[in-house]
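A.B. asks: Have a look at this one.
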Amino acid sequence: MPGAIDLPLVRTLPVQGRDHATLLQELEALRVADADWRDGRVFSLVYDPGHAHEAFLQEAHSRYFCENGLNPMAFKSLHRMETDVVRMVGALLHGDAETCGTMTSGGTESILLAVKTARDRARRLHPWNQRPEIILPTTAHVAFDKAADAFGLRIRRARLMPDMRVDVRHVKRLINRHTVLLVASAPQYPHGVVDPVADVAKLAQSHKIPMHVDACVGGLILPFIERLGRPVPLWDFRVPGVTSISADLHKYGYTAKGASVLLHRSKDYLQDQIFIATDWPGGVYASPTLPGTRPGGTIAAAWAGMQALGEDGYLALARQTLAAADALRAGIAGIDGLRLLSPDNMPIVTWTSAAPDIDVYAVADQLEARGWHIDRQQDPPSVHLTVMAGHERIAPAYLQDLREAVQFVRAHPGAKSQGNAAMYGMMAKVPFRGMIKKTVRDLYLELYGPEGGKSQGDPAPPDGFVGKMLAQHGEKIDRALDAYQHLRARLMGRN
């Protein structure tokens, strides 16, 4: 894994400005501790389009480096480019002449705006509803939790079917007079499964409730997977009842960070997204998105990058991505002790343990020791891979290291109680989520508090009570939590 940054912390502005060349060298030196995504050993965070396209995006971005999308009248070019991007994505997702929307800074903002729009629409049409609620699959992105927290809505979570899709019957039971939005994912992030959008949309129509499809991951690749002949259930504006869709451009759209689109079926829904203040001494203020200032470079890079790739470019990237995902799935399926959780038509590959002597988090630790950036998940413990076109060349190396990691864990049963594996494994099972919250909050206070940046390496396991308990009684706690999880699963299975 990356080492520590060998540069002193900067605590005050320099008295005199520093040399440009030296600062650029230091910028490069700071990268020593970053995940090395260029060699393909990272399966999230950065979507690598290849060097040539990356250089083109940087050039397009730099042309509008200083422009601000806050005022569409001042920078008409940015407004025109944003409109073009919205139209391109709208057409790709089978919108019609009424489809409209805005670019946003990323999937989180798109989801925040979708929830805010639903709340404000309910305020306008049903002012008596003082306790607005949204219904989510348990696998829906946590940005919905953030949105509900920010905008004062209650979340009601629908359970999953065995295939990891949301249980539509449970969604139906959760709907009440306070429901202002139904949500489905295409696909959901943890396992790469597309929810039964058409069935949820029928419920939304029958109850006259808006429905949002979170396609932040899949919005710019599912259309091309479908064109390549893989089965993809209907999920976009072809489904009556779908009123809004979020789709990230900086993921499989291969544009610059951060760029996403929130589309609405018509202006009737878009109107509730717009914020307007009329009493401010600075004048009438209006904004269709959450930020005021909107970087022009991101808009320009999206406009240019999408057209530079075109349908043929996106098809080629989707074909390579599926080839890489297929190779990884086939290899993982052939490793004794592992089991796939993801379907065979998606770019997401998720694996878990299929044997009691294989601890997922211990295997993850071994992969990290071999230089891979690992995304751990819980419920069930698993490892997530967001596969991209560039991963085709590194799939054999990943599979070889994964085989060796599994063999190591099997040969060393004590590995499950070592290092971060114990931390992740136990915290994923702890029934008292408040303990986890405190531990994570303490970590972030360390990262962003007054001494933020002082710790140059990976975060250490927690100290205090939790750390002592893990150090002294880790194996006993792990066994107890395993027993608790087993009993809980049995009891839930009876309900």
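A.B. asks: Please determine, by comparing only the residues of the stretch 149-163 that are more than 20 Å from the chain's Cα centre (by Cα) and hydrophobic (A, V, I, L, M, F, W, C), which one is surrounded by the fewest Cβ atoms within 10 Å (Cβ to Cβ).
C.D. replies: M161
A.B. asks: A follow-up question, please. Do we have any residue at all in the stretch 108-122 that's in a strand (DSSP E or B), over 17 Å from the mean Cα position of the chain (by Cα), within 29 Å of K251 (Cα to Cα) and of a type outside the set (S, T, Y)? Let's see the steps before the verdict.
C.D. replies: Of the residues in the stretch 108-122, the ones in a strand (DSSP E or B) are none.
No: zero hits.
A.B. asks: Considering only the stretch 261-294, state which residues are touching a Gly at 6+ places or on another chain (Cβ under 8 Å) and at pLDDT 90 or above.
C.D. replies: Once the filter is applied, which keeps residues that are touching a Gly at 6+ places or on another chain (Cβ under 8 Å) and at pLDDT 90 or above, the stretch 261-294 yields V261, L262, L263, H264, R265, L270.
A.B. asks: In addition: Only residues in the stretch 65-91 that are within 30 Å of P223 (Cα to Cα) count as the first member; pair them with residues that are polar (S, T, N, Q) and in a helix (DSSP H, G or I), Cβ under 9 angstrom, at least 6 apart or cross-chain, and list the lot.
C.D. replies: From residues that are within 30 Å of P223 (Cα to Cα), the pairs are G69/T298; D84/Q307; M88/Q307.
A.B. asks: Looking for whichever is more than 31 Å from the chain's Cα centre (by Cα) and surrounded by 10 or more Cβ atoms within 10 Å (Cβ to Cβ) here; the options are L30, L45, L13, L23. Which one fits?
C.D. replies: Only one candidate qualifies: L23.
A.B. asks: Another question, if that's okay. Going through L182, L203, L220 one at a time, which residue ends up being in the same structural domain as V85 (by TED's automatic domain parsing), surrounded by fewer than 24 Cβ atoms within 10 Å (Cβ to Cβ) and either part of a loop (DSSP other than H, G, I, E, B) or of a type outside the set (D, E, K, R) (or both)?
C.D. replies: Numbers: L182 fails: surrounded by fewer than 24 Cβ atoms within 10 Å (Cβ to Cβ); L220 fails: surrounded by fewer than 24 Cβ atoms within 10 Å (Cβ to Cβ).
Matching residue, one of L182, L203, L220: L203.
A.B. asks: Output the residues belonging to the stretch 344-363 that are more than 18 Å from the chain's Cα centre (by Cα) and in a loop (DSSP other than H, G, I, E, B).
C.D. replies: Passing the criteria: D344, N345, A354, A355, P356, D357, I358, D359.
A.B. asks: Given the conditions (1) closer than 30 Å to E226 by Cα; (2) touching a residue at least 60 places away in the same chain (Cβ under 8 Å), and given that K116 satisfies all but one, which numbered condition is not satisfied?
C.D. replies: Here K116 meets the rest and fails (1).
A.B. asks: Here's something else I'd like to know. Does A204 satisfy the condition of being within 23 Å of the chain's Cα centre (by Cα) and under 21 Å from V115 (Cβ atoms)?
C.D. replies: In short, no.
A.B. asks: Residue pairs, Cβ under 6 Å, 6 or more apart or interchain, first in the stretch 322-338 and on the phi > 0 side of the Ramachandran plot, second buried (at least 16 other Cβ atoms within 10 Å of the Cβ). List them.
C.D. replies: Within 6 Å, the pairs are G337/I358; G337/V406.
A.B. asks: Please identify the pairs in which a residue from the stretch 242-262 that is closer than 19 Å to A184 by Cα has its Cβ atom under 6 Å from the Cβ atom of a residue that is among the small types (G, A, S) and surrounded by fewer than 24 Cβ atoms within 10 Å (Cβ to Cβ), counting only partners at least 6 apart or on another chain.
C.D. replies: Within 6 Å, the pairs are V242/A201; S260/G106.
A.B. asks: Output the number of residues of the stretch 150-196 satisfying the condition of being more than 19 Å from S246 (Cα to Cα) and acidic (D, E).
C.D. replies: Counting residues in the stretch 150-196 that are more than 19 Å from S246 (Cα to Cα) and acidic (D, E) gives 2.
A.B. asks: Can you tell me which residue among R319, R329, R376, R410 is out of contact with any Lys or Arg (no Cβ under 9 Å at 6 or more places or on another chain) and in a strand (DSSP E or B)? Before the answer, list the steps.
C.D. replies: On the way: R319 fails: in a strand (DSSP E or B); R329 fails: in a strand (DSSP E or B); R410 fails: in a strand (DSSP E or B).
Of the residues listed, the single one that is out of contact with any Lys or Arg (no Cβ under 9 Å at 6 or more places or on another chain) and in a strand (DSSP E or B) is R376.
Let's see how each residue does on (1) β-branched (V, I, T); (2) within 23 Å of L112 (Cβ to Cβ); (3) buried (at least 20 other Cβ atoms within 10 Å of the Cβ):
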site: V166; (1), (2), (3): yes, yes, yes
site: H170; (1), (2), (3): no, no, no
site: H178; (1), (2), (3): no, yes, no
site: Q188; (1), (2), (3): no, yes, yes
site: A215; (1), (2), (3): no, yes, yes
site: P233; (1), (2), (3): no, no, no
site: D236; (1), (2), (3): no, yes, yes
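A.B. asks: Let me ask another. Taking the condition more than 23 Å from V213 (Cα to Cα) and assigned by TED's automatic domain parsing to the domain that holds F75, does A301 pass?
C.D. replies: Numbers: more than 23 Å from V213 (Cα to Cα): yes; assigned by TED's automatic domain parsing to the domain that holds F75: no.
No, not satisfied.
A.B. asks: Could you check the stretch 334-366 and list, in sequence order, the residues that are buried (at least 20 other Cβ atoms within 10 Å of the Cβ) and closer than 16 Å to Q400 by Cα?
C.D. replies: L338, W351, V363, A364, D365, Q366
A.B. asks: For the stretch 270-285, give me each residue that is in a strand (DSSP E or B) and either under 20 Å from I111 (Cα atoms) or basic (K, R) (or both). Lay out the reasoning, then the answer.
C.D. replies: The first filter runs over the stretch 270-285 and keeps only residues in a strand (DSSP E or B), leaving 275-277, 285.
Answer for the stretch 270-285, where residues must be in a strand (DSSP E or B) and either under 20 Å from I111 (Cα atoms) or basic (K, R) (or both): F275, I276.
A.B. asks: Pick from T255, T243: which is polar (S, T, N, Q) and farther than 28 Å from G50 by Cα?
C.D. replies: Working: T255 fails: farther than 28 Å from G50 by Cα.
Of T255, T243, the one residue that is polar (S, T, N, Q) and farther than 28 Å from G50 by Cα is T243.
A.B. asks: I'd like the full set of residues that are more than 16 Å from the chain's Cα centre (by Cα), in a loop (DSSP other than H, G, I, E, B) and charged (D, E, K, R), limited to the stretch 254-269.
C.D. replies: Hit for the stretch 254-269 is R265, nothing else.
A.B. asks: Checking the structure you have, find out if any residue of the stretch 2-17 is in a helix (DSSP H, G or I) and without any contact (Cβ under 8 Å) to a residue 60 or more places away in the chain. I'd like the intermediate steps shown before the answer.
C.D. replies: Residues of the stretch 2-17 in a helix (DSSP H, G or I): none.
Taking every residue of the stretch 2-17 in turn, none turns out to be in a helix (DSSP H, G or I) and without any contact (Cβ under 8 Å) to a residue 60 or more places away in the chain.
The values are calculated or read from the model by the stated rules, or taken from the named source; none is laboratory data. Quick caveat, the model's predicted, so the values are computed rather than measured. In this analysis, Cβ positions are derived from the backbone assuming ideal geometry, glycine residues included, and neighbour counts consider all displayed protein chains.
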